[in-house]
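Engineer: Sharing a structure with you now.
The values are calculated or read from the model by the stated rules, or taken from the named source; none is laboratory data. Please read these numbers as outputs of a predicted model, since none were measured by experiment. Here the Cβ is made from the backbone with ideal geometry for all residues, glycine too, and neighbour counts use every protein chain on show. Remember, those area values only see protein heavy atoms, side chains included, never the ligands or the DNA or RNA. Shrake-Rupley method; radii C 1.70, N 1.55, O 1.52, S 1.80 Å.
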Amino acid sequence: MMKESDEDIENPPPITSKAETNPHNNTPSNDPNKKIKIGLLSTFLLVVLVLCISLGVVYQGNPSNSVENEEGGGGDTRPELNLTTPTVLEEATYLVSPGPIPARIRMATPAIANGYTSCADLKDDIRNALNHLANTIIVEQSRNGGWYENNCGRDDPVFYMEDSFASPAMAEVEESDMASESTASKFQDDDTVTEDSYETNNQVQGVDEADFVKSDGKHVFTAYGDVIFVWDALDPKKGLSITRMPYNDTDDKDCPYFGPMPVDVMEESEEDTLPIREPLTEEVMTTNVVSPEAAASTPGSPGRNRKTMMIADSMMMPCYKPKPQILSFLLRGSRLTAIVSEQSSNYFRAETSTLHDYQELTIKVYDAENVPLDGSPLSLLGEKKIKGNYHDARSIDNHGIVITTSNVNTDSFTSELYRWRPQYCGLNSTAYEALAKETALNETESFMEKMVKDLDVELDGNCDSIFQVASIQSGDSKEVYDSNLLGNFVRVLSFDMDMSTNQLTNEFTTSSSGTFAPGWPDSIYVSQGFAGVVTIGHTYDPSTNRWKESTFVSAFEFDITGSTPKPFAIARAPGRPLNKFATDLYDGHIRIATTSFDWSNTDSTTVNQIFVFHLPAEDQGREMKMVGATEHLGKKNERITAVRFRGDRAYVVTFEQIDPFIVVDMGNHSKPKVIGELEIPGFSQYLHWIQLEGKMFMLGLGRQDEDIKIGLFDISDEKKPVQSAFHLEKQASSSAGSDSLAFRYLPNSQLLIIPKREWTWTAEGNFDGFVVYNINATHITPVHEIQHADSQSIYRGCWYNAYLQPRSLVFQSKLTTLLSHSVLSTDLGTGDTLFDLNLDKALNNTECHGYFW
């Protein structure tokens, strides 16, 4: 491995003789033979060094500075940080790319958080990454592509794209995991106590997570496909605001070989076939909007009968452009921010761009204070298109953060390097390598320039907000694990949510930073002034000569004034985290819970641990140094299924056959330890702390065999946790286990609200709705069941091309539930239905899609 230093490895300084450096010899040597020998020796050493580099031999600097040696042998022996260390840039570690094109590849050491001092340095790294990618293809094709040498004139291989747009049918939709304590307040009205709980179930206090349902207590804002519905939170019968995203169907001139996607609804009965309405071209649908009263009906109202539906496959019609989709909202004061997606026109025409993004994203800001309830739209204050595919979003006070990922279309760079191309016909491996090398070098510069332009990453002319390009790997290996270091560009975009109306209209400004990653980011963690992009990489284990999964956290720092996030530091932990809850920031330390898998280990295939990293101060470099780690958590072969941090405690659930519930004392950062453990059947997927009778409990939602399991853990004695109550919902599932935004607990009423689904594969016995449970220290009891559609309509009904994931809100003890295609209001005291809004009827829907879209 090579390290950046003042020494030029490829041009070493002249070698001095012993006489020149011996302080006891004051007589200079004038022997000409000795000078000739010295010159020959110097030339020989230089040639040897150049040959070593050409053959891919790795040069390694001082090993005492490597990440592995800094980590030492165990978590308890980490050296204390020197707070007086002057601010210095970290040294980079390089590997040499094997192949005919010279290229050096940086490893993911703390040095990559130095960012770039100039965009020229970024471009140089992109050149090296492209050359390395070309090398991997050329070497592989030279070794394995000999068949093409004597098989000229064959047709080019034909590739068939797999249909990635297949309907999810009735499969459970997995959502990103995130949660926080429910917020509730009491209102005294005579002798009646009411309760409010409508904020998003956030993971981190003070950090609001994006969701497709938001409320400020006065109104409810809901995204339903390409439509924003808004209604009065306390009295939905007052009316609706309906805002539809702009949509233009495919123009024939844009699609010469394909027309608009046909939708053919065939009825098997004598019912008249409903006409298929052309998509609206205006943003707002204000005519033919039925009143809420007309749309309301009895709970579980059926949709139109759907006998058979035929929809052309959009993969076979690349010019077809589907309707926009509202992906999420951020709400602050009088501003509603919507993240809206349209299918990218470049997705099937990759040659027009170096990016292969399937989404075209727009940030739209609406007036959330002056809401019309007569069917009119919200007022659009400003909008701005942004790069990439949507990943997640957060807001901290007025600071909005959107994370996107752009897929870099390196296929357009490498397509001419494959040996089946006609220009390589009849060439032996040596000749193929020479021509392929020339081809790659001819394309590198233009592709790099276009890529930087398409990514729009040159910020203020210095690119200092971008992590340096690197292979996401560690360990003492001479190989570069990843062939494509530029696979994805993860962008952390920020903007001021309190911009004036004039700014929104005329100069909607955003700032962005980012990092390259070979694959899609695993998760995002955001706290005050800190944003961590969690990526899965690999670490070489010399004892087994194998690569193992590792978690890399690329951390950005920012303030809440709207400044550009900047690369801050990097951390690495063995294994893979479960979800967002596996990462936590507390007391200047990052805690990460991971599971490492080793299927060749006959003793145990898994290792579950929590690792603790210290956030460096300004003068302590760019590494989040590991200062502590737990022993293996759980039994052999178990994996983590749920984790939750709370202050100096961590609660972990592992599972293979039983469910160990584990309490970990994290008070000593260097020595986290297990202090309590409980073994019970089943397992939890989501953990949520509550208080009952002045004692601390943990609610766990998960599975036991084919059933939903709700468990209540008494953790008042942390050394002896007890399952004080549990309840099973037979042959049912709940998405709240994997989507904590669907989970709501009311602390004053001691009520739990979660979605429930039952699917029979027939027209009878299907259920899609919510259940309300009463929670006390010894019992979990269902009190209300809320059904959003009848079984027949779930199995065979005509619905709009959208689907609401389950959410619940509470206003003055009146429960609002949103699911699939309807909104219901239920009195929590009596269970009576107060309001039932079928969103499809409110849209005068004439489309015919399945219930689960």
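Engineer: Sorting 195, 360 by accessible area (1.4 Å probe), largest first, what list results?
Structural biologist: 360, 195
Engineer: Rounded to the nearest 20 Debye, what is the dipole magnitude of segment 667-756 about its Cα centre when Lys and Arg each give +1 and Asp and Glu each give -1 at the C-beta?
Structural biologist: My answer is approximately 220 debye.
Engineer: Just the accessible area for residue 679, please: 1.4 Å probe, Å², rounded to the nearest 10?
Structural biologist: Answer for residue 679: close to 90 Å² accessible.
Engineer: Scan around residue 233 for amide H atoms under 5 Å from its own, H built in the peptide plane at 1.01 Å from N, and keep only partners 5 or more places away or cross-chain.
Structural biologist: 219, 220
Engineer: Restricting attention to the alpha-carbon atoms of segment 90-144, what are Rg (one decimal) and Dmax (integer), both in Å?
Structural biologist: For segment 90-144, the Cα-based Rg and Dmax read 12.8, 41 Å.
Engineer: Now for a different question. Would you mind checking the radius of gyration and Dmax of segment 638-712 based on alpha-carbon positions, in Å?
Structural biologist: For segment 638-712, the Cα radius of gyration and maximum Cα-Cα distance read 12.6, 40 Å.
Engineer: What are the residues whose amide H is under 5 Å from the amide H of residue 105, where those residues sit 5 or more places off or on another chain and H is modelled from the backbone?
Structural biologist: The answer is 95, 96, 97.
Engineer: Another question, then. Return the FRET efficiency for the residue pair residue 247, residue 762: r is the Cβ-Cβ distance, R0 is 35 Å, and the value is rounded to the nearest 0.05.
Structural biologist: Efficiency, from the Cβ-Cβ distance: 0.45.
Engineer: Can you send over the solvent-accessible area of residue 467, 1.4 Å probe, protein chains only, in Å² to the nearest 10?
Structural biologist: 0
Engineer: State the percentage of accessible surface on segment 593-670 attributable to carbon and sulfur atoms; use a 1.4 Å probe and exclude ligands, DNA and RNA.
Structural biologist: 44
Engineer: Please work out the average accessible area per residue across segment 682-838, using the 1.4 Å probe convention, and give it in Å². Please list the in-between numbers first.
Structural biologist: Working: 5170 Å² over 157 residues.
Heavy-atom accessible area per residue stands at 33 Å².
Engineer: Determine the gain in length on full extension of the stretch residue 546-residue 503; use 0.36 nm per residue of separation and subtract their C-alpha separation, reporting nm with one decimal.
Structural biologist: Values: separation 43, 0.36 × 43 = 15.48 nm, distance 5.41 nm.
Result: 10.1 nm gained on full extension.
Engineer: Report the dimensions of segment 604-648 along its three principal axes from the alpha-carbon atoms, largest first, rounded to Å.
Structural biologist: Largest to smallest, the principal-axis extents are 42, 24, 14 Å.
Engineer: I need the phi-derived Karplus couplings for segment 736-751: 6.51 cos²θ - 1.76 cosθ + 1.60, θ = phi - 60°, integer Hz, Gly and Pro marked x.
Structural biologist: So the J values, rounded to whole Hz, are 5, x, 10, 10, 5, 5, 8, 9, 9, 10, 9, x, 6, 7, 6, 10.
Engineer: With all protein chains present and a 1.4 Å probe, how do 391, 688, 779, 632 order by accessible area, largest first?
Structural biologist: Working: 391 35, 688 5, 779 110, 632 65 Å².
Ranked from most to least accessible, the order is 779, 632, 391, 688.
Engineer: Compute the distance in nm between two label points, each set 7 Å from the Cα along the Cα-to-Cβ direction, one at residue 147 and one at residue 779.
Structural biologist: 7.0
Engineer: Something else now. Can you put 429, 734 in order of accessible area, largest first, using a 1.4 Å probe?
Structural biologist: The ordering from most to least exposed comes out as 429, 734.
Engineer: Step through the residues of segment 610-621 one at a time and calculate ³J(HN,Hα) from phi using the Karplus curve (6.51 cos²θ - 1.76 cosθ + 1.60, θ = phi - 60°), rounding each to whole Hz and writing x for Gly and Pro.
Structural biologist: 10, 10, 10, 10, 8, 6, x, 6, 4, 9, 10, x
Engineer: Oh, and also: Determine how large the accessible area of residue 420 is when every protein chain is in place; take a 1.4 Å probe and give Å² rounded to the nearest 10.
Structural biologist: Approximately 50 Å² of residue 420 is accessible to the 1.4 Å probe.
Engineer: What are the residues whose amide H is under 5 Å from the amide H of residue 708, where those residues sit 5 or more places off or on another chain and H is modelled from the backbone?
Structural biologist: 729, 731, 732
Engineer: Then there's this: How large, in percent, is the carbon and sulfur part of the accessible surface of segment 424-574 at a probe radius of 1.4 Å?
Structural biologist: 45
Engineer: Now for a separate question. Would you please give the FRET efficiency between residue 722 and residue 648, computed as 1/(1 + (r/R0)^6) with r the Cβ-Cβ distance and R0 = 25 Å, to the nearest 0.05?
Structural biologist: That pair, residue 722 with residue 648, gives E of 0.75.
Engineer: Taking R0 as 30 Å, what FRET efficiency do you get between residue 120 and residue 479 from their Cβ-Cβ distance, rounded to the nearest 0.05?
Structural biologist: The value I calculate is 0.60.
Engineer: Let me ask something additional. Would you mind pulling out the separation of the Cα centroids of segment 492-516 and segment 669-744, in Å?
Structural biologist: Measuring centre to centre over Cα atoms gives 40 Å.
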